[in-house]
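Report on the following structure.
The values are calculated or read from the model by the stated rules, or taken from the named source; none is laboratory data. Not measured: the values here are computed from a predicted model. We place every Cβ from the backbone using ideal geometry, glycine too, and count neighbours over all the protein chains shown. We work out accessible area using only protein heavy atoms, side chains counted, and drop any ligands, DNA or RNA first. Shrake-Rupley method; radii C 1.70, N 1.55, O 1.52, S 1.80 Å.
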Number of protein chains: 2
Amino acid sequence: MNKKETSPLYKKVIDDLKTLIDKGAYKKGELLPSENDLCKTYSTTRVTVRQALTGLTNMGYITRRHGKGSIVSEPRQGLGILSLSGVTAGVGDQVLTTAILQKQTKQNWPADFFYELNPEEQSRGCIFFTRLRHIDGMPVLYEETYITNISLARFSSRNLENCSLFKVLKEHYKIEVNEGEQKIWAIHADKNISKLLDIKTSHPVVHMKRRLQTNVKNLSIYSSVYCNTAAYFLHDYF
Amino acid sequence: MNKKETSPLYKKVIDDLKTLIDKGAYKKGELLPSENDLCKTYSTTRVTVRQALTGLTNMGYITRRHGKGSIVSEPRQGLGILSLSGVTAGVGDQVLTTAILQKQTKQNWPADFFYELNPEEQSRGCIFFTRLRHIDGMPVLYEETYITNISLARFSSRNLENCSLFKVLKEHYKIEVNEGEQKIWAIHADKNISKLLDIKTSHPVVHMKRRLQTNVKNLSIYSSVYCNTAAYFLHDYF
DNA sequence: AGATTTATCTTGTATATACAAGTTGTTTTA
DNA sequence: TAAAACAACTTGTATATACAAGATAAATCT
């Protein structure tokens with residue numbers, strides 16, 4: 001968790017506040033310290049503090065009200081892209097477990113890959129692995145992931161089970177996702193999917209194809225996701 | 001299209017660039033004028049220009065590269081939340097038509113409404129209407145919309161057919177969406193939905209429930225959306 | 001007591017400036 | 001010629017400052 005000393009101040013402010021919100025130090029609906037307070041805390045000016053708060057706003061961590069302050073939104077794990085939420089109560093991390101079905105291995109891109117690849121990516125090949133996420137022991141989400149092979153040290157031996165892929169990429173390789181796109185369909189589960197998610201064939205599932213672009217050139221993360229939304233739904237903030 | 005003279009400069013810059021991108025004056029992959037160029041054009045400073053460019057980045061209109069410039073992304077209509085894209089070619093606006101099934105009427109909120117309402121919203125009631133969107137004449141997306149009733153002048157008589165609801169809200173009432181959330185399920189089409197979307201019962205469809213918050217206090221837009229993703233998919237950038 | 005004003009918080013918008021650092025093409029050097 | 005250095009662009013980060021405008025509670029006035 002060591003902070004690069006050259007890391008910009010506004011990012012440190014984002015990280016600090018994000019951690020406090022995730023930890024529950026600031027709860028939903030509460031106000032963050034005012035911009036001027038944060039200026040004093042970090043010995044900086046409002047432009048920098050506001051850059052951090054704008055970032056948190058875009059991540060969905062807070063909303064801001066003119067004359068009022070920065071209001072903490074629902075805490076969220078991961079990227080805030082498409083996280084899972086339970087219909088009953090808020091599903092905490094503790095009940096969400098991930099099993100690796102196929103361990104990450106280097107290989108060539110599939111011939112009929114679902115996104116266009118540039119020649120650079122094409123030549124590098126990819127790392128492929130599949131995971132199955134459970135909530136309360138029930139399989140809910142199956143994910144096939146392809147990452148451009150840019151020879152990440154020891155990546156093949158990393159354990160992606162408990163912590164998220166994104167955490168590993170960020171903490172060990174300083175790789176962060178900065179944009180992406182996703183396509184969404186509703187489909188009937190085929191034989192394979194229905195077996196994995198333990199549902200009947202022809203049960204409707206959400207199918208997503210995602211492309212996540214990182215701060216590293218030519219390093220994209222592609223994934224194909226299948227989700228059983230019978231008991232849970234996909235939740236998205238923006 | 002008259003610009004409020006008190007509208008902030010950075011918003012004007014956003015609007016101008018957005019229009020130019022949507023019109024195709026700047027095409028995908030091209031570079032926008034540099035920040036310093038934009039400063040000269042608008043007689044302002046980089047902080048303001050960057051505020052605009054940050055906005056456009058978050059809307060998904062551009063991506064920025066250190067030392068390079070602001071690169072135009074895929075042009076997108078609407079809010080960039082979840083727009084429709086064709087599987088074959090990019091679906092232009094021309095083929096997307098919208099039919100009003102039930103015209104907007106003032107009424108009370110349903111007793112079992114799918115989002116929690118605050119007392120203020122509850123007492124105001126809502127405006128309800130339903131729309132069916134077609135691509136190439138085929139029904140693809142059915143949408144039930146609820147807007148908090150804050151007595152928008154002449155709103156009940158507005159035509160929401162061709163232009164988007166968001167355009168009407170913005171141009172006539174200066175209402176803009178600033179955040180929101182959505183929940184996504186895959187379900188079997190029931191009798192009603194299958195009839196509307198002209199598909200067999202039990203055909204899988206994407207069901208979304210959305211809450212969009214606007215810049216006007218207590219004015220939220222709620223919608224329940226059903227989408228046939230057999231020929232098209234839901235597309236999302238972030 | 002109840003309405004109005006005021007003071008003081010808050011965030012929103014903006015100017016002016018400086019240097020760091022990534023990108024690219026040109027020039028110089030070996 | 002090929003590599004290295006440089007210049008001139010670009011965006012990234014940051015300081016310092018100012019005034020506008022929304023929110024709120026205390027102080028004042030009727």
**OP:** Please give the FRET efficiency for A:Tyr42 paired with B:Val216, using the beta carbon to beta carbon distance and R0 = 45 Å, rounded to the nearest 0.05.
**Re:** 0.85
Original post:
Label-to-label distances across copies for B:Asp136, with labels 7 Å out along Cα→Cβ, in nm, shortest first?
Top reply: 4.3
**OP:** Place the label 7 angstrom along Cα→C-beta at A:Thr97 and in each other copy, then list the distances from the first to the rest in nm, shortest first.
**Re:** 5.4
Original post:
Say a label goes 7 Å from Cα toward Cβ at B:His172 in every copy; what distances in nm does this one have to the rest, shortest first?
Top reply: 5.6
Subject >> Greater than 26 Å apart at Cα, pairs in B:Lys183/B:Lys217; A:Lys28/A:Lys167; A:Lys103/A:Lys167; A:Lys28/B:Lys170 >> reply: A:Lys28/B:Lys170
**OP:** Could you please state how large a percent of the accessible area of the range A:83-235 is carbon and sulfur, counting protein chains only and using a 1.4 Å probe?
**Re:** 48
Subject >> In the A-B interface, the accessible area buried, summed over both sides, Å² (probe 1.4 Å) >> reply: 2800
Subject >> Inter-chain shielding of A:181-192 (mean C-beta neighbours from other protein chains, 10 Å cut-off) >> reply: 6
**OP:** Can you check what the net charge comes to around B:Leu53, using other residues whose Cβ is under 10 Å from the Cβ of B:Leu53 (Lys, Arg +1; Asp, Glu -1)?
**Re:** +2
